[in-house]
Amino acid sequence: MINSPCKGCTDRYVGCHGKCAEYISFATANTERRELIKKQVFVDCCCEKVRKDSVTRAYRGLK
């Protein structure tokens, strides 16, 4: 987990997230990171499903 640049910021005030360049770049990078994680989880789930299906088919063939 990456800490927000807001933690310990001395220039912090209510509503500054919309104007703070550091926070905007942090939020953009965080969104991109989350999208990559979602894609990787999807790929991992698909790979696991394919593996499980192939094992199931192989097991059925042995009966």
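The values are calculated or read from the model by the stated rules, or taken from the named source; none is laboratory data. Keep in mind that this is a model prediction, so the values were computed, not measured. Counting neighbours? That spans all protein chains shown, and the Cβs are built from the backbone with ideal geometry, glycine included.
Return yes when Tyr13 is of a type in the set (Ser, Thr, Tyr), surrounded by fewer than 10 Cβ atoms within 10 Å (Cβ to Cβ) and not in a helix (DSSP H, G or I) and no when it is not. It is true that Tyr13 is of a type in the set (Ser, Thr, Tyr), surrounded by fewer than 10 Cβ atoms within 10 Å (Cβ to Cβ) and not in a helix (DSSP H, G or I).
Inside segment 30-50, can you point out the residues that are charged (D, E, K, R) and either under 11 Å from the mean Cα position of the chain (by Cα) or loosely packed, with under 10 Cβ neighbours inside 10 Å (or both)?
Within segment 30-50, the subset charged (D, E, K, R) is 32-35, 38-39, 44, 48-49.
Residues satisfying the conditions are Glu32, Arg33, Arg34, Glu35, Lys38, Lys39.
Is one or more of the residues making up segment 21-29 without any contact (Cβ under 8 Å) to a residue 60 or more places away in the chain and over 20 Å from the mean Cα position of the chain (by Cα)? Within segment 21-29, one or more residues are without any contact (Cβ under 8 Å) to a residue 60 or more places away in the chain and over 20 Å from the mean Cα position of the chain (by Cα).
Which residues, taken from segment 16-29, are loosely packed, with under 10 Cβ neighbours inside 10 Å and of a type in the set (A, V, I, L, M)? Step through it out loud before you land on a result.
Filtering segment 16-29 down to residues loosely packed, with under 10 Cβ neighbours inside 10 Å leaves 18-19, 21.
Across segment 16-29, the qualifying residue is only Ala21.
For Cys46, the criteria (1) out of contact with any His (no Cβ under 9 Å at 6 or more places or on another chain); (2) part of a loop (DSSP other than H, G, I, E, B) hold in every case but one, which is (2).
In segment 18-63, how many are at pLDDT below 80 and of a type in the set (Lys, Arg)? Residues meeting the conditions: 5.
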